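K.L.:
First, the structure itself, so that you have it in front of you.
Computed from the coordinates by the stated procedures, all read-outs in this text should not be read as laboratory data. Fair warning: this is a prediction, and the values are worked out from it, not measured in the lab. All Cβ positions, glycine included, derive from the backbone under ideal geometry; neighbour counts span all protein chains shown.
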Amino acid sequence: MAVLPIIIAPDPRLKACCEPVEQVNGEIVKLMDDLLASMYAARGIGLSAPQVGVCKRVIVVDTARREEEPKPLAMANPEIAWVSEEMVGLEEGCLSFPEHYAQVTRPARVGMRYLDRGNTIREIEADGLLARCLFHEMDHLDGVLFVDHLSLLRRGMILRKLVKMKKLEEADAV
Ligand code: NI
């Protein structure tokens, strides 16, 4: 397992629409393991392949609390089967947007289908934090970022701050 660097927004690689996985083979299982290792290293609860520069429909999540056993979930080609009519507003962050959080409204519950690490089709129903995390990571596969759910003004503010942060880091590196 390798801990991969996570791409920070704004970056065109975060805006691409990812390719479906043909089958979950050794290469995809390695990608799943690398994503999990990178997510845990960054203390995140979800990560998608495009965030490490791989344009494939693969996501990982683990919403277990610190004191609980880890509950890693790795999915290829995740698809939404149904969503609840009930919507809920929750604060979201993203490993590609360090230190930025905002309230986003999404369906409260979701049913999904995906391929697991054994290339078997699985179904899952989720609510609460897990549902939220799955919606957020699925969005990444279509180049949609959580700031895209915010007002233009709010999104612009966050992106300008990140551009500034990147410039400062580049200046430090010289
Ligand atoms: Ni994210």
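K.L.:
How do Arg106, Arg160 line up, fewest other C-beta atoms within 10 Å first? Could the numbers behind the result be given before it?
P.N.:
Numbers: Arg106 20, Arg160 11.
Taking fewest neighbouring Cβ atoms as first place, the list is Arg160, Arg106.
K.L.:
Which entries of Lys30/Lys71; Lys56/Lys167; Lys15/Lys166; Lys56/Lys166 show an alpha-carbon separation above 20 angstrom in the structure shown?
P.N.:
Lys56/Lys167; Lys56/Lys166
K.L.:
If packing is taken as the average number of other Cβ atoms within 10 Å across a peptide's residues, how do 23-32, 57-66 rank, most packed first? Numbers along the way, then the final one.
P.N.:
Details: 23-32: 15.6, 57-66: 20.2.
Ranked by mean Cβ neighbours within 10 Å, highest first: 57-66, 23-32.
K.L.:
Oh, and also: Based on DSSP H assignment, which helices of the chain show an axial Cα extent of at least 15 Å together with a mean Kyte-Doolittle hydropathy greater than or equal to 0.0? Present the calculation step by step, with values, prior to reporting the outcome.
P.N.:
Values: long enough: 26-41 (22 Å, 0.66); 128-141 (21 Å, 0.42); 152-173 (31 Å, -0.22).
Helices meeting the span and hydropathy rule in the chain are 26-41, 128-141.
K.L.:
Kindly list the residues of the range 40-54 that lie in the label zone of Ala2, defined by a backbone N under 20 Å from the point 7 Å along the Cα-to-C-beta vector.
P.N.:
Zone members listed by number: 40-43, 47-54.
K.L.:
Based on the Cβ-Cβ distance from Arg65 to Tyr101, what FRET efficiency comes out when R0 is 22 Å, to the nearest 0.05? It would help to have the intermediate numbers written out before the result.
P.N.:
Details: r = 18 Å, r/R0 = 0.83.
Rounded to the nearest 0.05, the efficiency is 0.75.
K.L.:
Given the C-alpha centroids of the range 77-92 and the range 124-174, what is the distance between them in whole angstrom?
P.N.:
Spelled out, the Cα-based centre of one part sits 17 Å from the other.
K.L.:
Taking only DSSP H segments of four or more residues, each worth -39500 (n - 2.57), what value at 222 nm results for the chain once the sum is divided by all its residues, to the nearest 500 deg cm²/dmol? All intermediate terms of the calculation are to be shown ahead of the outcome.
P.N.:
On the way: 3 runs with 52 residues, N = 174.
That calculation yields -10000 deg cm²/dmol at 222 nm.
K.L.:
Would you list Asp33, Asp139 from fewest to most Cβ contacts within 10 Å? Spell out each step's value before the answer.
P.N.:
On the way: Asp33 16, Asp139 19.
Listing Asp33, Asp139 from fewest to most nearby Cβ atoms yields Asp33, Asp139.
K.L.:
Right, something else. Glu91 to Asp116: extension gain in nm, 0.36 nm per residue of separation minus the Cα-Cα distance?
P.N.:
Here the answer is 6.2 nm.
K.L.:
Just the C-alpha atoms of the range 12-173: what Rg/Rh do they give, with Rh taken as the Kirkwood radius?
P.N.:
Values: Rg = 15.9 Å, Rh = 16.5 Å.
Taking Rg over the Kirkwood Rh, I get 0.97.
K.L.:
Taking every DSSP beta bridge that has both residues in the chain, what percent is antiparallel when rounded to the nearest 5? Show your work: numbers first, answer last.
P.N.:
Details: 25 of 26 bridges.
Among the beta bridges of the chain, antiparallel pairing accounts for roughly 95 percent.
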